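Worksheet for the structure shown next.
Read the figures in this text as sums done on the coordinates, not as results from a lab. None of these values were measured; they are calculated from a predicted model. Neighbour counts are summed over all protein chains in view; Cβ atoms, including those assigned to glycine, are modelled from backbone coordinates with ideal geometry.
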Amino acid sequence: MTTSPRDATAKALNEALEGLDLAGRLAFVAELEGRAVFTTSLGIEDQVITAAIGTNDLSIEVATLQTGRLFNETVALIDKTEETYGILIKRFHPESADVDAYTAQYGANGFYDSVEARHACCDVRKLKPLARALEGAGYWVTGLRRGQSGNRATTPFAEADNERGLIKINPLADWDIETIRAYVVENGVPVNPLHARGYPSIGCEPCTRAIKPGEPERAGRWWWENDEKRECGLHVPEAATSAIPNTSNVA
Ligand code: SF4
């Protein structure tokens, strides 16, 4: 397997971040040469990162994918979070021509009919806006955690994303959900009220359901699909991505 200079940089960064706390990890990345962009879905992990960026006034841009299919509670939380921390959360919307073309081909809710149709919807509403959000960025900060799912069990603190030409930073990789919840309480971080109604992981409204006791955290996402296809691709490793039809996968 060949490694790129970016792989070597990510490996060194991974080691440097390991011994730091959350604020230290984010401050380290904020000081690096090149733009750092944090994409938030307003989930509880992302709210912890936003709080750390906002309270420490770190030079990391905060962006969100306003897919047009979000829960009202999520949309309201974007505004509330901006007010709480005095920051701008930049919204990236899908192109209306892309949405129209999708609807004409598959129907507005065609994502229930096939994996291909679902990836096509995520491509229009998430992947393309994400590409715009990350344009020119050197670092992409995410709220990925090892405990979120089997697919994420080996998440490092820093990893090369050679496809997107940047380094992905996962400052909460080693945090468990109890630590996240304690941070939120201790720091008065605003969170989505849906978490208290059985939604540990929240995406678009038509593609997210509450989970039952004992189910994995992400069991409510694209629940009608097989497990191995359920990641919508935003965070799927490159090797796995090639196995997903249509490569239009976003998370
Ligand atoms: S999560 Fe569902 S509604 Fe949202 S972009 Fe993907 S398929 Fe479309």
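Odds and ends about this structure:
- For a straight C-alpha distance cut-off of 15 angstrom, the aspartates and glutamates reachable from residue 80 (same-chain residues fewer than eight places away being disregarded) are 46.
- All Cα pairs of the range 5-247, percent lying beyond 26 Å: 36
- Farthest toward positive dipole pole in the range 5-247 [+1 Lys/Arg, -1 Asp/Glu at C-beta], among 19, 170, 214: 214
- Computed over the chain, the per-residue total of -39500 (n - 2.57) for DSSP H runs of n ≥ 4 gives a 222 nm mean residue ellipticity of -10500 deg cm²/dmol, rounded to 500.
- Relative contact order of the range 1-73, defined on C-alpha pairs under 8 angstrom at six or more residues apart (%): 30
- Sites listed here are GluC sites (Glu not before Pro) in the range 31-63 whose DSSP assignment is loop and whose Cβ has at most 14 other Cβ atoms within 10 Å: 31, 33.
- Less than 5 angstrom separates the built amide H of residue 70 from those of 205, all sequence-distant by 5 or more or on a different chain.
- By the rule of a C-alpha distance below 13 Å, with chain neighbours fewer than 8 residues away ignored, no aspartates and glutamates are paired with residue 212.
- Ranked by how many other Cβ atoms sit within 10 Å of their own Cβ, fewest first, the residues 80, 128 fall in the order 80, 128.
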